[in-house]
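The values are calculated or read from the model by the stated rules, or taken from the named source; none is laboratory data. As the structure is a computational prediction, the values presented were derived from the model and not from experiment. Positions of Cβ are generated from backbone atoms using ideal geometry, with glycine treated the same way; all protein chains shown enter the neighbour counts.
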Amino acid sequence: MTATGSAMNWRAASACLKADPDLFFPISSAGPAQQQIARAKVICAGCQVRRQCLEFALAQDQVYGIWGGTTSEDRQRDRRRRRRAAAAAEHKRTVAA
């Protein structure tokens, strides 16, 4: 299954399919929302399509919600880390040339 497959087939196998969608879209990342985020991540942790869900969120630049067991902050931090690593690798190639 792929994140861009027909009718998003991976969603049919998701652990969150019957969960309240609001659980995965907390209004903040502090206070009571931390418990909400933790509950959503527990559901994601046992999901067989967690990787496909995360790939979808990254490919679609989902900035809100819990996707593949990650918050928007988690995904943003990962994007920054990957950009820095790519820039460092490019710098090494330039210096070595």
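Of everything in the stretch 32-43, what is touching a residue at least 12 places away in the same chain (Cβ under 8 Å) and either loosely packed, with under 13 Cβ neighbours inside 10 Å or within 14 Å of the chain's Cα centre (by Cα) (or both)? Give them in sequence order. Reasoning before the result, please.
As a first pass, look at the stretch 32-43 and keep what is touching a residue at least 12 places away in the same chain (Cβ under 8 Å): 36-37, 39-41, 43.
Within the stretch 32-43, I37, A40, K41, I43 qualify.
Annotation: of all residues in the stretch 44-72 being surrounded by fewer than 18 Cβ atoms within 10 Å (Cβ to Cβ), over 16 Å from N9 (Cβ atoms) and hydrophobic (A, V, I, L, M, F, W, C), the one that is farthest from the chain's Cα centre (by Cα) is A45.
Taking the stretch 14-97 and the helices (runs of 4 or more DSSP H) fully enclosed by it, the elements with 3 or more residues that are of a type in the set (D, E) are at 72-96.
Are any residues in the stretch 48-59 over 18 Å from A19 (Cβ atoms) and in contact (Cβ under 8 Å) with a residue 40 or more places away in the chain, and if so, which ones?
Start the filter on the stretch 48-59 by keeping residues that are over 18 Å from A19 (Cβ atoms), which leaves 51, 55, 58-59.
If the condition is that a residue be over 18 Å from A19 (Cβ atoms) and in contact (Cβ under 8 Å) with a residue 40 or more places away in the chain, then E55, A59 are the ones that fit.
Could you tell me whether the stretch 33-48 includes any residue that is in contact with a Cys (Cβ under 6 Å, 6 or more places away or on another chain), β-branched (V, I, T) and modelled with pLDDT of 95 or more? Yes: one or more hits.
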